[in-house]
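Structure first, then comments.
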Amino acid sequence: QVQLVESGGGLVQPGGSLRLSCVASGSIFSINTMGWYRQAPGKQRELVAAITSGGSTNYADSVKGRFTISRDNAKNTVYLQMSSLKPEDTATYYCKLRALGVDSWGKGTLVTVSS
């Protein structure tokens, strides 16, 4: 089993920045994809950004140029650097790890963008 623990969420003003972290532990297959998803109240969960163990990335159009995903394979950790935050970025952000066709999810961290 894989356990994922997110951290770094909080309240930030529009235009501000936050850095989310997600640490994975347990039985982790070395070839995997880690990603960040978010879910706002009343909306479906959506992909924000993902990164493979080889470093390939993809982003939702809504965050391109503002968010950067990175990972430290030695620490089994994925990061999401969020800049120029907007009120519409307000959501619970979830970390996901996919390996061998199996998805594991964290419990989420809340990001609130408000003045």
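The values are calculated or read from the model by the stated rules, or taken from the named source; none is laboratory data. None of the values given here were measured: they were computed from a predicted structure. In case anyone asks, the SASA skips ligands and DNA or RNA and just uses the protein heavy atoms, side chains included. Shrake-Rupley method; radii C 1.70, N 1.55, O 1.52, S 1.80 Å.
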* Separation of segment 1-34 and segment 42-102 by C-alpha centroid, Å? -> 8 Å
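Over segment 1-69, with every protein chain in place, what whole percent of the accessible area is carbon and sulfur at 1.4 Å, could you tell me? Show your work: numbers first, answer last.
Numbers: 1890 of 3830 Å².
Percent of accessible area from carbon and sulfur atoms in segment 1-69: 49.
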* Which of the lysines could a cross-linker span from residue 107 if the Cα-Cα distance has to be under 20 Å and same-chain partners fewer than 8 positions apart are dropped? -> 43, 75, 96
* Asked: Taking a 1.4 Å probe, which of 66, 19, 45 shows the most accessible area, and what order do the others take after it?
  -> 19, 45, 66
* Skip the ligands, DNA and RNA, and give the accessible area per residue of the chain with a 1.4 Å probe, whole Å². => 54 Å²
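Rounded to the nearest 5, what % of the DSSP beta bridges within the chain are antiparallel ones? Don't skip to the end; give the middle numbers.
Values: 41 of 44 bridges.
In the chain, approximately 95 percent of DSSP beta bridges are antiparallel ones.
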